[in-house]
Amino acid sequence: MLGEQLPTATLERLTHWRRAPAPWLELTGLPQTDADVPTPRAGFCDEALLRIPNLVHFGLLRLLGLEPVAYRWENHGRLVRNVAPSAGAARSQTSWGYATGLDWHTDDSVLDHHPDGAPEESIPHFLSFYGMRNTERVPTWLLPVDEVLADLPATTATALRQPAFDVTAPESYGAASEPCGGRPAAPPVRSGVPILWTLPDGHTGVRYGPGRVTGRTAAAQEALTRFAERVAACKGVPIMVEAGGFHVFDNRRVMHRRLPFEPAAPDHARWLRRCYARTAAA
Ligand SMILES: O=C(O)CCC(=O)C(=O)O
Ligand SMILES: [Fe+2]
């Protein structure tokens with residue numbers, strides 16, 4: 001049981017978060033593997049070498065009351081994504097890229113945002129990361145949507161709540177760098193959806209990705225431009241996930257980005273393990 005391995009203070013933080021989830025949570029100093037497993041160079045690796053990272057990662061999700069989610073059209077349908085530089089994907093707008101930045105976005109914004117949507121068709125509630133190594137010290141930047149909205153006119157927010165936007169799928173859905181095999185086609189576009197909506201707990205939810213959303217009317221496009229300008233003016237908060245670190249954030253209340261970086265030597269480059277999750281059914 002992971003609970004028996006963790007300090008009381010950590011367990012208390014997990015219990016507190018589970019009762020009242022903050023937009024994000026960070027932990028450090030978690031159990032790590034003794035073996036020096038090289039960073040995967042092309043996205044995937046032997047999961048048998050990662051028993052401890054997986055036990056810690058999935059154990060933490062369980063303690064937080066979250067269920068892992070995978071999508072059939074990305075990452076070969078696997079639960080854990082190796083967020084690591086891959087030479088073949090250097091300039092891609094995916095978590096395997098590094099030479100270009102990933103600008104502010106939410107993940108899988110092309111999926112369903114309704115609270116009663118099927119888990120395997122819905123926007124992931126949370127992104128969770130377990131750190132294998134990050135000697136380059138490259139953070140994941142976070143930006144709460146509330147911070148963006150604080151400086152936007154109410155009329156703009158109202159326009160963003162209209163079902164007046166189209167969203168296209170991200171590059172990671174069957175990207176050229178990830179041979180598709182027999183995977184089913186991803187939903188290429190979702191039409192007539194809002195950018196902002198109200199979550200069951202009353203917070204504002206957001207779906208966003210530059211170049212992935214368009215307004216269907218002049219008013220919708222105008223509101224989107226105002227939103228993009230405001231987002232571009234925000235700095236956000238850097239979260240550094242290093243070896244033995246864990247980070248979970250709400251993919252509907254928070255946007256994230258990663259700046260371009262120069263990876264350390266092959267086998268030792270930045271390596272985070274990412275798993276999508278959703279609030280477990282009661
Ligand atoms: O590399 C990172 O810090 C985050 C990459 C990203 O956008 C993701 O994994 O969804
Ligand atoms: Fe992302």
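Some values worked out for this structure:
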| quantity | calculated |
| --- | --- |
| Solvent-accessible surface (1.4 angstrom probe) belonging to Ser95, in square angstrom, nearest 10 | 20 Å² |
| Inverse of mean 1/r across different Cα pairs in the chain, Kirkwood, Å | 19.4 Å |
| Relative contact order of the chain, defined on C-alpha pairs under 8 angstrom at six or more residues apart (%) | 34 percent |
| Euclidean distance of C-alpha centroids, region 1-39 and region 73-119, integer Å | 23 Å |
| Over region 1-151 - Rg/Rh using Cα atoms and the Kirkwood inverse-distance radius | 0.95 |
| Neighbour cut-off at most 13 other Cβ (10 Å), DSSP loop, trypsin sites (Lys or Arg not before Pro), region 131-177 | Arg137 |
| Cα-based Rg and Dmax for region 98-154, where Dmax is the largest Cα-Cα distance (Å) | 15.2, 43 |
| Translational D in µm²/s for region 50-118 (Stokes-Einstein at 10 °C, 1.306 mPa s, Kirkwood Rh from C-alpha pairs) | 110 µm²/s |
| Mean Kyte hydropathy of -0.5 or more with a Cα span along the axis of at least 18 Å, helices from DSSP in the chain | 218-232 |
| For peptides 101-107, 256-262, 199-205, 271-277, sequence by mean Cβ density within 10 Å, most packed first | 271-277, 101-107, 256-262, 199-205 |
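The values are calculated or read from the model by the stated rules, or taken from the named source; none is laboratory data. Keep in mind that what you see is a predicted model, and the values were worked out from it rather than measured. Don't worry about glycine lacking a Cβ; one is built from the backbone with ideal geometry, like all the others, and counts go over all protein chains shown. Surface areas here come from the heavy atoms of the whole protein model, side chains and all, with no ligands, DNA or RNA. Shrake-Rupley method; radii C 1.70, N 1.55, O 1.52, S 1.80 Å.
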